[in-house]
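A single structure is presented below for examination.
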Amino acid sequence: MRQSILFTKTKKESPADEVSRNAELLIRAGFIHKELAGVYSFLPLGLRVLKKIENIIREEMNKAGGQEVLLSSMQPKENWEKTGRWETLDILYKVSDGEGREVALGPTHEEIIVPILKNYLSSYKDLPKDNPLALYQIQNKFRMELRPKSGILRGREFIMKDMYSFHASKEDFEEFYEKMKAVYKNIFARVGIGHLTYLTFASGGTFSKYSHEFQTITSVGEDTIYVDEEKGVAVNKEVMNDEILSQLGLKKEKLVEHKSIEVGNIFDLKSKYSKPFDLFFTDEKEEKHNVLMGCYGIGLSRLLGTVVEVMSDDKGLIWPPAIAPFRAHLLSVGKDAGARKEAQHIYENLLKNNIEVLFDDREEVSAGEKFADSDLLGISYRAVVSARSIKEGGIEVKKRTEEKATIIPLEELIKLLKDKS
């Protein structure tokens with residue numbers, strides 16, 4: 001893509017009404033646009049990052065045996081009344097039409113997925129142990145946050161992957177649940193924050209002793225966790241006591257306190273939602289049993305914001321290569337006509353080699369402004385073409401995280417950018 005036709009422009013000043021680093025940088029860099037408190041639109045660069053995160057998650061869900069669906073955002077009031085959550089869930093958006101009919105804007109989808117399954121699930125044969133039934137979607141959610149804050153980390157409208165699994169026995173559920181722990185770890189590793197993200201024991205509420213969160217360490221986090229770095233697990237502050245530590249085999253003196261952001265969670269739902277909707281299966285003896293369920297969530301927009309919080313610096317964004325909007329940022333600097341022509345040639349060659357590249361071909365912008373914009377945008381590699389670089393043998397290349405650049409020929413640049421390791 002040519003930067004000269006990109007409709008968004010970078011901004012030098014941070015928005016006055018934002019205090020979170022993720023929203024400040026993403027707005028300044030033109031990745032998102034704030035509509036109102038807790039609600040943001042994704043612009044071309046931001047959408048490219050979001051789609052890459054989405055594709056990583058989709059690949060991992062599919063490998064785990066998940067089947068993708070897209071469920072209704074508008075949800076019947078009677079479904080929420082069946083689970084008792086119409087009156088008790090304070091984050092629920094309730095919408096009325098012209099005739100007074102009320103619906104919920106989905107903050108979650110148990111009240112939709114379970115009634116759907118009643119049409120297709122009745123026998124133990126529908127719940128095979130060797131291929132567990134798991135349905136997932138990637139979709140906008142709506143939650144009535146009274147005081148939305150932290151930019152895209154906590155909003156009123158956000159994008160989430162939620163998956164629901166269905167099982168005939170506790171053993172089947174537990175086997176799949178353990179598998180999903182590993183799947184989630186792989187997702188966070190691929191996104192680029194695996195080294196900072198810990199499986200964290202949290203309160204399971206009334207239905208389970210524990211739930212599990214995935215918490216990413218950052219000084220701006222809203223949560224407090226205690227990490228056993230040797231074992232690679234953590235405990236949320238809310239469940240931190242001697243009894244819990246004993247049950248988990250953790251020693252208080254080995255735990256390190258950190259601030260963190262929750263980037264994912266998995267829950268044992270037992271029959272909490274299958275009972276109200278009478279979702280059951282019959283076994284080999286024709287006896288009825290409630291279906292057991294698990295729930296597995298990742299907020300995509302929240303995950304994107306977390307990456308910004310933990311990976312940025314005082315110059316701007318630093319995208320991990322797997323989710324950067326482009327593989328390379330090609331800059332044409334100076335007024336030399338030959339250098340501009342060579343930059344165009346390099347751009348065309350990168351495209352021919354299927355390398356995603358943002359080409360800063362703007363003629364009226366100074367080299368200093370282009371360098372500052374490149375740092376702010378945070379693309380993994382910066383490649384500069386100038387009269388000097390051509391004279392010295394090629395293209396001046398450096399990673400976003402490096403201070404010094406090296407000059408390499410086009411062939412070497414293509415090889416470098418194609419290498420995903």
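The values are calculated or read from the model by the stated rules, or taken from the named source; none is laboratory data. Bear in mind the structure is a predicted one, so any value in this text is a computation, not a measurement. Using ideal geometry, Cβ is built from the backbone for each residue, glycine included, and neighbour counts are taken over all protein chains shown.
When the residues of segment 8-32 are narrowed to those that are small (Gly, Ala, Ser), surrounded by 14 or more Cβ atoms within 10 Å (Cβ to Cβ) and within 23 Å of GLU222 (Cβ to Cβ), which ends up modelled with the lowest pLDDT?
Checking each candidate, the answer is SER14.
Having 3 or more residues that are β-branched (Val, Ile, Thr) is the bar; report the strands (runs of 3 or more DSSP E) wholly within segment 166-275 that clear it.
Correct list: 223-228, 255-270.
Let me ask another. Check GLY305, GLY294, GLY393, GLY299 and return the single one that is of a type outside the set (D, E, K, R) and modelled with pLDDT under 95.
From the options GLY305, GLY294, GLY393, GLY299, the qualifying one is GLY393.
Can you tell me which of LYS149, LYS118, LYS141 is at pLDDT 95 or above and either touching a His at 6+ places or on another chain (Cβ under 7 Å) or surrounded by fewer than 20 Cβ atoms within 10 Å (Cβ to Cβ) (or both)?
LYS118
Now a separate question. Across segment 47-70, what is the number of residues that are in contact (Cβ under 8 Å) with a residue 60 or more places away in the chain and either part of a helix (DSSP H, G or I) or surrounded by 17 or more Cβ atoms within 10 Å (Cβ to Cβ) (or both)?
14
Still on this structure, please answer the following. Identify, please: which residue in segment 348-393 is of a type in the set (Gly, Ala, Ser) and within 16 Å of PRO409 (Cα to Cα) and is, among those, surrounded by the fewest Cβ atoms within 10 Å (Cβ to Cβ)?
GLY393
Return yes when LYS288 is without any contact (Cβ under 8 Å) to a residue 12 or more places away in the chain, within 23 Å of THR83 (Cβ to Cβ) and in the same structural domain as GLY232 (by TED's automatic domain parsing) and no when it is not.
Answer is yes for this residue.
Could you tell me how many of the residues in segment 309-332 are in a helix (DSSP H, G or I), over 11 Å from the mean Cα position of the chain (by Cα) and among the aliphatic types (A, V, I, L, M)?
Number satisfying all stated conditions: 3.
A further question on this structure: Output the number of residues of segment 401-414 satisfying the condition of being under 18 Å from ILE379 (Cβ atoms) and either surrounded by 11 or more Cβ atoms within 10 Å (Cβ to Cβ) or without any contact (Cβ under 8 Å) to a residue 12 or more places away in the chain (or both).
8
Let me ask something else. GLU364: without any contact (Cβ under 8 Å) to a residue 24 or more places away in the chain and among the charged types (D, E, K, R), yes or no?
In short, yes.
Pick from HIS345, HIS329: which is modelled with pLDDT of 95 or more, crowded, with 22+ Cβ neighbours inside 10 Å and not hydroxyl-bearing (Ser, Thr, Tyr)?
Matching residue, one of HIS345, HIS329: HIS329.
Return yes when GLY294 is assigned to a strand (DSSP E or B) and assigned by TED's automatic domain parsing to the domain that holds LYS82 and no when it is not.
In short, yes.
While we're here: I'm checking my understanding of the structure. Among residues of segment 251-291 that are β-branched (Val, Ile, Thr) and surrounded by 20 or more Cβ atoms within 10 Å (Cβ to Cβ), which one is nearest to ALA168 (Cα to Cα)?
VAL291
Search segment 116-132 for residues that are farther than 26 Å from LEU70 by Cβ and pair each with any residue that is hydrophobic (A, V, I, L, M, F, W, C) and surrounded by 16 or more Cβ atoms within 10 Å (Cβ to Cβ) when their beta-carbon atoms are under 7 Å apart and the residues are at least 6 apart or on different chains.
Matching pairs, first to second residue: SER123/PHE281; TYR124/ALA168; TYR124/PHE281.
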